[in-house]
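K.L.:
Let me begin by handing over the structure; questions about it come next.
Each value in this text was obtained by applying a stated rule to the coordinates, not by laboratory testing. Note that the structure is a prediction, hence the values are computed from the model and not measured. Don't worry about glycine lacking a Cβ; one is built from the backbone with ideal geometry, like all the others, and counts go over all protein chains shown.
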Amino acid sequence: MKGKNSAYSLQLTAHGRSAPAAVAAAGRQLVAVSCKLLTASCHLLAISFTLFSPPLAAAANSPSNTFKLAEHCPPAFELRADGGCYLRSFYRQLPSLQNAGVGGPGTGLPAAREGFTPREIDLGRLLFFDPVLSADGSVACASCHQPQQGLADGRAQSIGIGGQRMARSAPSLWNVGLFNRFFWDGRATTLEQQVEGPLYAADEMGTTPAQLYTTLNAIPAYVDLFRQTFGTDNIALEQIYRALIAFEASLISLNSRYDLYAQGITEALTAREIEGMNIFRSFVARCAECHTPPLFTNQQIAVLGTPAPAGLAFDIGAEGPTGDPSQRGGFKVPSLRNITRTAPYMHSGRFATLREAVEFYNKGRGHAVPAGEKLSLHWHIWEPGLAPQEIDRLVDFLGALTDEGFRPATPAAVPSGLPVPRPTDSDNLQTAATGEQQP
Amino acid sequence: MKQSLIYLCLFIGLLATAAAPAADIKVKDGDSIQAAVNKARPGDTILIYPGTYKESVYIDKDSITVRGVIDEGEWPTMDGEKKLNDAILYSGNNITIEQLKITNYKGNAIMGQAGNNYVIRHNWVIDTGVYGIFPQFGKNGLIEYNVLSGIEDAAIYVGMCDNVDVRHNEVFNNVAGIEIENTRHAIVENNYVHNNTGGILAFITPGLPIKTTYDVIIRNNFVVNNNTPNFGAEGSIVANVPVGTGIIVMAGDDVVVEGNIISGNNTAGIVVTDLSFITDIASDPDSEPNPDRMRILRNFMINNGAKPVAAVRALALANFTTKGPDILADGTAKDKARGSCINDKDSYRTFGLRHWGECDMTTTAAIRSHRLDEPVPPRPIANDIERAKKVYSGICAGCHAYNVRMVGPATQVIQAIHRNNPQAIADYIAAPVRKRPDYPEMPPQNHLSADLRLMVAEYMLSLDK
């Protein structure tokens, strides 16, 4: 036991109790530990701990050690001899110019994050749905990235711990394992950078590395699951991140009716959708210039000049992380896959419907830029003069980009025993009702 | 037995497909070009006879030739009437488009979306909106013997491509004549580029997903009298092109300018500059802004700079003249560190070339083409058994695992019910009904053709793990 830190011994003390009790113990211990390290933060931690206790007690009868991690890969992946799960898609046989993963219907994907083990992915799924990852046990990743809401949350601006309303909407997580730029303002270029963002942002999940470390190591079920997954007795922060990334990278949506069309199954699209596709890629509408197949994003920063919702200040976007005034109001071009599932639209959720979002581009360059703002608007923002029926066809086509066939199953329970976040809207509960994989 | 029979039939079907000789499909005035494209199989040629065709045509299949038949000077004409977006959009490989007159579209005459091995030649393009000929994301292309005018951006716009030759074209009365943008391995030669705002541009646009331009040869072109006032749309990048510019190289690397006749361009014959040249778009830290290793070999340059735009006029005044130069290096293009060079520097009027040395070469003549020796290979998508596997793993496997319940019943369970009856599965998936109260209803797959559904059903029944 030489060299074990206090967090680990804490985990030993907690062993054998029900998970919520263990978490409560961890919380108390955390306050004690942190107070030694950071006296100034004691007061805040104590408050958060007080908030943290009641739901745990309420959930005390949840199972703690009945979790069994999947031995098979998620359906978009195949298990290879090295024990890793590798993405399977017809797009993988296709090349792309300069390996950039942008082009047309016959273009391959950008590099994929893959090779995670089935256990890493499934452990990540449990973590993803577990509110114990937040400072007060109230918010899980899945609170804002709900499988039933296109892996977003249906809100214009997301709500973090303590009911704090954020400035931006939750981006969908579909296909993030194929991305190289993350967050609306593009401030991360790897999932490793991304994954720490929401965990430690004060208005999102609000936890700290020390709290996360201590809390998870105090839950025997997690210690056991991490041991099964990584072969270590002690949960490391990097293992938590890796499992979350493994799960994020498993969220694949590449089998829409459009994708059938791209494979030469032309009857998969209706005449109206094909008409919309041709408007989409025409140089009048220019949608495909930034929402480029196959991911329907070129992953660049674009300054659009969308109007801010009432009561919200103008969002400077990418100028924040880069300090570059020419990127003021710039945001990462989002993927349009499953776009019908992720209303409202734009970084601020300003547009309630897809039609309104499309209409924005038809209303003239800079029409919604606030007085006094000087923005370097993207050159493709112009006045395409689309007819109303052309806008309808574009919306028709966007509907052909929907594929939630590999929607992740919501676990019935999570190792902390805390309540699993449930959808804010019950319009589509198929997976929630039946998606749990039976052993 | 039944399964092998089905495979046998499919096999024969494939043989028949492969054996089908390439056909000519004739399109006459009043017919639809798109209907012919829909009917065409790879290898076919669509012959378009004189007449007026008011449609937008898309080609999402490989190896199609669209060829106009010009009859005693009568051209087949695609006319967008300023209502239609693009005349021809293609994404297939091995697309050839030739001998069409295309006019009055709003977007493009011919736009490629990641089609490789493209050939676009002998087309007559008049005012087709933003661009004339615009291959994008394509590898290995040829653009030759086209005549284009009246385009509000670039007449020939090679954007994010590799390995392309642009030769023997005439481009005039456009904002930009020929653009090589975020593209590698291009030759622009033997073109007549006159009366545009700017003639030939090789450059990097920041903020695009493919970031570089390099290995471009601009040679043996006539670049003459490009003095048409800029009529680019507000906010477009091309609206930055100074009127009276023959050749602009912005941020591109390893660009060679050789053997051109560059005359009568009122601002400057050649401008070499960095990305600070355009000021009103968001910067991109991933775009390298400097023009490196530019080589200006022997060119014929007279009468350039007669009436320079204000910024160049200011530079001229600093050089004690009112005329613009033959060659202008601006921004970091002036720096010794860029490694640029010029032959016979003293025979031209130049600004900013003080640190440019003599080149170590005199000609690129040994390089005949930047196209590939072998075409880009075909894409591995075909209507065969492999496709059934792809459909199964892509769609079915999302809900049906082999031996465990997922969203739908396990594959083993379905196999037990329909062991010898793939047709029953093929029919069911076209119009599913709810059979089990504790499972959701399956979404219909009737967008798959009957034969593909049957192939997928066969495949599902053949699985053993």
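K.L.:
Report the calculated FRET efficiency for B:LEU372 and A:ASN180 (r = Cβ-Cβ distance, R0 = 35 Å), to the nearest 0.05.
P.N.:
On the way: r = 28 Å, r/R0 = 0.79.
Efficiency computed from Cβ-Cβ geometry: 0.80.
K.L.:
Please compute the Kirkwood hydrodynamic radius of the range A:216-309 from all pairs of different C-alpha atoms, in Å with one decimal. All intermediate terms of the calculation are to be shown ahead of the outcome.
P.N.:
On the way: mean 1/r = 0.0569 Å⁻¹.
Final number for the Kirkwood radius of the range A:216-309 is 17.6 Å.
K.L.:
Using helices alone, what [θ] at 222 nm do you get for chain B, with -39,500 (n - 2.57) per DSSP H run of 4 or more residues, divided over all residues and rounded to the nearest 500? Mind dumping the intermediate values first?
P.N.:
Numbers: 7 runs with 73 residues, N = 465.
Mean residue ellipticity at 222 nm (helix-derived): -4500 deg cm²/dmol.
K.L.:
I've got another one for you. If packing is taken as the mean number of other Cβ atoms within 10 Å per residue, what is the order of A:349-360, B:83-94, highest first? Walk me through the numbers on the way to the answer.
P.N.:
Working: A:349-360: 17.8, B:83-94: 24.1.
Going from most to least packed, we get B:83-94, A:349-360.
K.L.:
What FRET efficiency would be calculated for the residue pair B:VAL433, B:GLU81, taking the C-beta separation as r and a Förster radius of 60 Å, to the nearest 0.05? Present the calculation step by step, with values, prior to reporting the outcome.
P.N.:
Values: r = 48 Å, r/R0 = 0.81.
My answer for the efficiency is 0.80.
K.L.:
Compute the convex hull volume of the Cα atoms of the range B:22-137, divide it by the residue count, and report the result per residue in Å³ as a whole number. Let's see the in-between values first.
P.N.:
Details: hull volume 9.4 nm³, N = 116.
Taking the convex hull of the Cα positions in the range B:22-137, it is 81 Å³ per residue.
K.L.:
Starting from the amide H of A:CYS73, placed 1.01 Å from N in the peptide plane, find each other amide H under 5 Å away whose residue is 5 or more places distant or on another chain.
P.N.:
Those lying under 5 Å, H to H, from A:CYS73 are A:LEU79.
K.L.:
Once the Cα gyration tensor of the range B:256-330 is found, what semi-axes does its equivalent ellipsoid get, as square roots of 5 times the eigenvalues, in whole Å, sorted largest first?
P.N.:
Values: eigenvalues 111, 65, 18 Å².
For the range B:256-330, the semi-axes come out at 24, 18, 10 Å.
K.L.:
Moving on. List the residues, sorted by chain then number, that are 5 or more residues from B:GLN136 or on another chain and whose placed amide H is less than 5 Å from its amide H.
P.N.:
It is B:GLY112, B:GLN113, B:ALA114, B:GLY115, by chain and number.
K.L.:
Return the sequence-ordered ³J(HN,Hα) values of the range A:273-287 in whole Hz as given by the Karplus equation 6.51 cos²θ - 1.76 cosθ + 1.60 applied to θ = phi - 60°, using x for Gly and Pro.
P.N.:
Going residue by residue, I get 5, 5, 4, x, 4, 6, 5, 4, 9, 5, 8, 8, 6, 6, 4 Hz, with x marking Gly and Pro.
K.L.:
Additional query: From the P(r) of the range A:303-428, could you give the percentage of C-alpha pairs in the tail past 24 Å? Write down the numbers at each step before the final one.
P.N.:
Values: 3377 of 7875 pairs.
Tail fraction, whole percent: 43.
K.L.:
Let me ask something additional. If you consider only alpha-carbon coordinates, what radius of gyration and Dmax does chain B have, in Å?
P.N.:
Taking only Cα atoms of chain B, I get Rg and Dmax of 27.8, 92 Å.
K.L.:
Step through the table entries A:LYS363/B:LYS83; B:LYS307/B:LYS336; B:LYS139/B:LYS211; A:LYS363/B:LYS82, compare each Cα-Cα distance with 25 Å, and write down the pairs that go over it. Working shown, then result.
P.N.:
Details: A:LYS363/B:LYS83 18 Å; B:LYS307/B:LYS336 29 Å; B:LYS139/B:LYS211 16 Å; A:LYS363/B:LYS82 20 Å.
Exceeds cut-off: B:LYS307/B:LYS336.
K.L.:
Further question on the same structure: How far apart, in nm, are the 7 Å Cα→Cβ label points at B:ASP29 and A:ALA368?
P.N.:
4.9 nm
K.L.:
Over the alpha carbons of the range A:77-252, what is the largest minus smallest coordinate on each principal axis, giving the biggest first in Å?
P.N.:
47, 41, 27
K.L.:
Where does the Debye-calculated log10 I(q)/I(0) of the protein assembly as shown sit at q = 0.08, 0.10 Å⁻¹, using only Cα point scatterers of equal weight, no solvent?
P.N.:
Per q value, in the given order, log10 I(q)/I(0) is -0.81, -1.15.
K.L.:
Taking only the Cα atoms of the range B:385-462, how large is their convex hull per residue, in Å³? Don't skip to the end; give the middle numbers.
P.N.:
Numbers: hull volume 6.4 nm³, N = 78.
Output value, Cα hull per residue: 82 Å³.
K.L.:
Identify, among B:THR45, B:LEU84, B:ILE95, the residue whose Cα sits farthest towards the positive end of the charge dipole of the range B:42-120, taking +1 on the Cβ of Lys and Arg and -1 on the Cβ of Asp and Glu, with the dipole about the Cα centre.
P.N.:
Going by the Cα projections, it comes out as B:LEU84.
K.L.:
When you take every Cα atom in the range B:270-384, what is the radius of gyration, and what is Dmax, the widest Cα pair distance, in Å?
P.N.:
Radius of gyration, then largest Cα-Cα span, for the range B:270-384: 19.4, 73 Å.
K.L.:
Here's another thing I want to ask about it. Would you mind giving the three semi-axes, in whole Å and largest first, of the ellipsoid equivalent to the range B:170-226 according to its Cα gyration tensor?
P.N.:
Working: eigenvalues 94, 37, 8 Å².
Three semi-axes, in Å: 22, 14, 6.
K.L.:
Under 5 Å between amide hydrogens, which residues at least 5 positions from B:GLU179 or on another chain qualify, with H placed 1.01 Å from N in the peptide plane?
P.N.:
Hits under the 5 Å cutoff: B:ILE156, B:TYR157, B:VAL158, B:LEU201.
K.L.:
Excluding B:PRO432 itself, what net charge comes from residues whose Cβ is under 15 Å from its Cβ, given Lys and Arg +1 and Asp and Glu -1?
P.N.:
Numbers: positive: B:ARG434, B:LYS435, B:ARG436, B:ARG453; negative: B:ASP427, B:GLU441.
Summing Lys/Arg as +1 and Asp/Glu as -1 gives +2.
K.L.:
Where nothing but the Cβ of Lys and Arg (+1) and of Asp and Glu (-1) is charged, how large is the charge dipole of the protein assembly as shown around its Cα centre, in debye to the nearest 20? List each step's numbers first, then the result.
P.N.:
On the way: 78 positive and 90 negative charges, 350 e Å.
That gives the protein assembly as shown a dipole magnitude of about 1680 debye.
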